[in-house]
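Down below is the structure, laid out as structure tokens.
Readers should treat all values here as calculations from the given coordinates under stated rules, not as data from a laboratory. Just so it is clear, the structure is predicted and the values come from calculations on it, not from any experiment. Cβ placement follows ideal geometry from the backbone for every residue including glycine, while neighbour counts extend to all protein chains displayed.
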Amino acid sequence: MEKKLARRRRLVLVPAPAQGHINPMMQLAKALHLKENLPVSDLKNLGPGRFLIKLAKECYVSFKELLGQLLVNEEIACVIYDEFMYFVEAAVEEFKLRNVILSTTSATAFVCRFVMCKLYAKDGLAQLKEEELVPELYPIRYKDLPSSVFASVECSVELFKNTCYKGTASSVIINTVRCLEISSFEWLQRELDIPVYPIGPLHMAVSAPRTSLLEENESCIEWLNKQKPSSVIYISLGSFTMMETKEVLEMASGLDSSNQHFLWVIRPGSVSGSEISEEELLKKMVTTDRGYIVKWAPQKQVLAHSAVRAFWSHCGWNSTLESLGEGVPMICRPFTTDQKGNARYLECVWKVGIQVEGKLERSAVEKAVKRLMVDEEGEEMKRRALSLKEKLKDSVLAQGSSHNSLDDFIKTL
Ligand code: UDP
């Protein structure tokens, strides 16, 4: 049978520039998109690891076509792509375009991905002793390598191999600061053998437009305004970490017995194993007026608020940089991937964090919160966090390391 060549056809949607027009158009776009090759449900069904691999395969051809169309009338100086969108490199290579990798994780996470691939290729990962330190990567233990709860080791390694492949990329820009992770930065520079520009924290260098995918509940700022200076612990586990109902209950109970005020972000759908909605669950748990709960917060504003003393975090890299940038010490409860390495650095290198490991129990929550909010140890961490804040601020000012790095990068364009 004659095989017809499938020709890709595009849909162009033109919304009027008003919220009431944009929303239905976006809803229509989504409804149409769901009928295409990569429905959003794939993210749930495949998990983030397999989804990213499929995305790379699916997007390669259409991205190349788009680029080809763009090049008819435009000159492209450089294509900058996220390390996880590695299919871009293969597409731009055919047009001989300059391309640059943007890494949005830490330099240490990048190094760990390399190391994990090398260890896997050598003898596999199964026989490694979890608690032991990885040679030359202090303080990272084997268990801190960025394996994922969302993907098999094979899938993670396949993904990481691709993200570590520099191909024809002329350089890497990375959202970190030289002084935070100098040894990882130097390791990366040697391994990649192309210029690596640490230009972060980007959120301190520029005030970009708001890009939040979820609606930020501003009412928590009003609540913070009513609290005493340095009296609140902010709790948020980022955009995709999940918690078991049991853990949420232990957490609530530990916070309650710590006697501290808290602002807690609980995303809808982020609690598993519960018959009732998060809202109902929390209404039951938090009966005290010491706590305030929102579905999503304006996090940078929250961390900059004078009432906020500490941050209970999953240690995503953005949350880590945002907290360090405001001088807020952290309780680290990493969940997966690079969060584990970030937590190690927070606790052992920058010494501005306390990691809570193992089963989450009420007593462990209470203890960690008190150590950071009440004890002298917490005071010391706060002082160190404030001194790091100054260093980060300086790095993005004229003549600062990240500022200079960005200038150096721009000169290459
Ligand atoms: N964030 C937010 N409001 C919230 C929780 C998180 O704006 O209630 C933002 C936070 O400021 C950060 C991002 O979501 O910029 C989370 O990124 P991160 O790398 O910390 O974690 P991820 O979501 O990728 O696990």
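One residue stands out in region 174-200 among those that are free of Cβ contacts under 8 Å to residues at least 40 places away in the same chain and assigned to a loop (DSSP other than H, G, I, E, B): the one that is nearest to the ligand (Cβ to nearest atom), namely 194.
Here are some residues: 236, 171. Which one is surrounded by 19 or more Cβ atoms within 10 Å (Cβ to Cβ), within 22 Å of the chain's Cα centre (by Cα), within 16 Å of the ligand (Cβ to nearest atom) and small (Gly, Ala, Ser)?
Values: 171 fails: within 16 Å of the ligand (Cβ to nearest atom).
Of 236, 171, the one residue that is surrounded by 19 or more Cβ atoms within 10 Å (Cβ to Cβ), within 22 Å of the chain's Cα centre (by Cα), within 16 Å of the ligand (Cβ to nearest atom) and small (Gly, Ala, Ser) is 236.
In the set 250, 216, only one residue is within 16 Å of the ligand (Cβ to nearest atom), acidic (Asp, Glu) and within 20 Å of residue 313 (Cβ to Cβ); that residue is 216. Residue 216 falls short of the stated requirement of being over 18 Å from residue 171 (Cα atoms) and surrounded by fewer than 16 Cβ atoms within 10 Å (Cβ to Cβ).
Scanning region 367-377 finds no residues that are in contact with a strand residue (DSSP E or B) (Cβ under 9 Å, 6 or more places away or on another chain) and under 21 Å from residue 198 (Cβ atoms).
Residues are listed down the side, and each one gets a yes or a no for (1) under 19 Å from residue 168 (Cα atoms); (2) of a type in the set (Lys, Arg); (3) outside any helix (DSSP H, G or I):
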{"residue": "67", "(1), (2), (3)": "yes, no, no"}
{"residue": "72", "(1), (2), (3)": "no, no, no"}
{"residue": "91", "(1), (2), (3)": "yes, no, no"}
{"residue": "127", "(1), (2), (3)": "no, no, yes"}
{"residue": "130", "(1), (2), (3)": "no, no, yes"}
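Of all positions in region 342-355, at least one carries a residue that is within 16 Å of the ligand (Cβ to nearest atom) and within 13 Å of the chain's Cα centre (by Cα). Please specify each residue of region 175-197 satisfying the condition of being within 14 Å of residue 138 (Cα to Cα) and in contact with a Pro (Cβ under 8 Å, 6 or more places away or on another chain). Selection gives 185 alone. Any chance region 112-124 includes a residue that's without any contact (Cβ under 8 Å) to a residue 60 or more places away in the chain, over 27 Å from residue 197 (Cα atoms), of a type outside the set (Phe, Trp, Tyr) and assigned to a loop (DSSP other than H, G, I, E, B)? For region 112-124, residues without any contact (Cβ under 8 Å) to a residue 60 or more places away in the chain, over 27 Å from residue 197 (Cα atoms), of a type outside the set (Phe, Trp, Tyr) and assigned to a loop (DSSP other than H, G, I, E, B): present.
Among what's in region 369-383 and is buried (at least 16 other Cβ atoms within 10 Å of the Cβ) and free of Cβ contacts under 8 Å to residues at least 60 places away in the same chain, pick the residue that is nearest to residue 99 (Cα to Cα). Walk me through it before giving the result.
Looking only at region 369-383, we keep the residues that are buried (at least 16 other Cβ atoms within 10 Å of the Cβ), and these are 369-373, 378, 381-382.
Going one step further and asking which of them are free of Cβ contacts under 8 Å to residues at least 60 places away in the same chain, we end up with 371, 381.
Working: 371: 47, 381: 40 Å.
Applying the filter and picking the extreme gives 381.
If you check 77, 107, 90, 29 for being in contact with a Leu (Cβ under 6 Å, 6 or more places away or on another chain), surrounded by fewer than 18 Cβ atoms within 10 Å (Cβ to Cβ) and touching a residue at least 40 places away in the same chain (Cβ under 8 Å), only one passes: 77.
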